[in-house]
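Chemist: Questions regarding the structure given below will be posed in turn.
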Amino acid sequence: MKLYHRLARPTALFLLACLLGSCSAIGPFGGARRFGSFLDVRFGDSLFRVQMLHPGGNIETSPYGADAYTLKDVDAQGVHYEFATFEFSSAHGMQLVFARFSPESADTVFKRLSDNLGAPSTGGEPADSSPDTIDAAWGTSDETMVRFVGPRRYLIIVGPYGKSLEPDIKLRSEAES
């Protein structure tokens, strides 16, 4: 048997296995739904890296006691954020974003979330509503939770290891009231 024939079958099986393996990683809308970073800060980044990336921020302690870093008056890709706070878990780095966008940025924020993540998992967009009345959430393939709270103008993102930081969402919301 020629070398070509001996290699053809294992190579074909390997390629088939690769193809099937990659298909299982594709999300329900033809692509993986992921949210890996916000303002160039990736989930898992250290407080030090965020300080180097955005040196104009302030180190804080969150209401629940986690390390936090807040930026004020940030403009990025046509969106103005009045503030963006990153919270850090001791074991997994940055895992929570709590940001407030300006009223004129609501349409852009909601559209980008919908374009990138698809239809919301909960809430959504009634045909006759504007983004400032919508409360919607998306779950992603890596277990990140993204929430758009139009009436309060909040964008909240909880990373895959951010469950322990979730009490801060309520505490921060109450403090903003």
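Chemist: Give the number of residues within the stretch 50-76 that are over 22 Å from Met145 (Cα atoms) and out of contact with any strand residue (DSSP E or B) (no Cβ under 8 Å at 6 or more places or on another chain).
Modeler: Qualifying residue count for the region: 2.
Chemist: What pairs come out if I take residues in the stretch 149-177 that are buried (at least 18 other Cβ atoms within 10 Å of the Cβ) and pair them with residues that are part of a helix (DSSP H, G or I) and among the hydroxyl-bearing types (Ser, Thr, Tyr) whose C-beta lies under 6 Å away, six or more apart or interchain?
Modeler: Here the result reads Gly150/Thr133, each pair linking the stretch 149-177 to a residue that is part of a helix (DSSP H, G or I) and among the hydroxyl-bearing types (Ser, Thr, Tyr).
Chemist: Hey, another quick one. Within the stretch 146-166, can you find the residues that are assigned to a loop (DSSP other than H, G, I, E, B), more than 11 Å from Val109 (Cβ to Cβ) and out of contact with any His (no Cβ under 9 Å at 6 or more places or on another chain)?
Modeler: Of everything in the stretch 146-166, those that are assigned to a loop (DSSP other than H, G, I, E, B), more than 11 Å from Val109 (Cβ to Cβ) and out of contact with any His (no Cβ under 9 Å at 6 or more places or on another chain) turn out to be Pro151, Arg152, Glu166.
Chemist: A further question on this structure: Within the stretch 121-142, restricting attention to residues that are at pLDDT 90 or above and not hydrophobic (A, V, I, L, M, F, W, C), which residue is nearest to the chain's Cα centre (by Cα)?
Modeler: Top of the filtered list is Gly139.
The values are calculated or read from the model by the stated rules, or taken from the named source; none is laboratory data. For clarity, every value in this text was computed on a predicted model and none was experimentally measured. Heads up, the Cβs are rebuilt from the backbone with ideal geometry, glycines too, and the neighbour counts pull from every protein chain shown.
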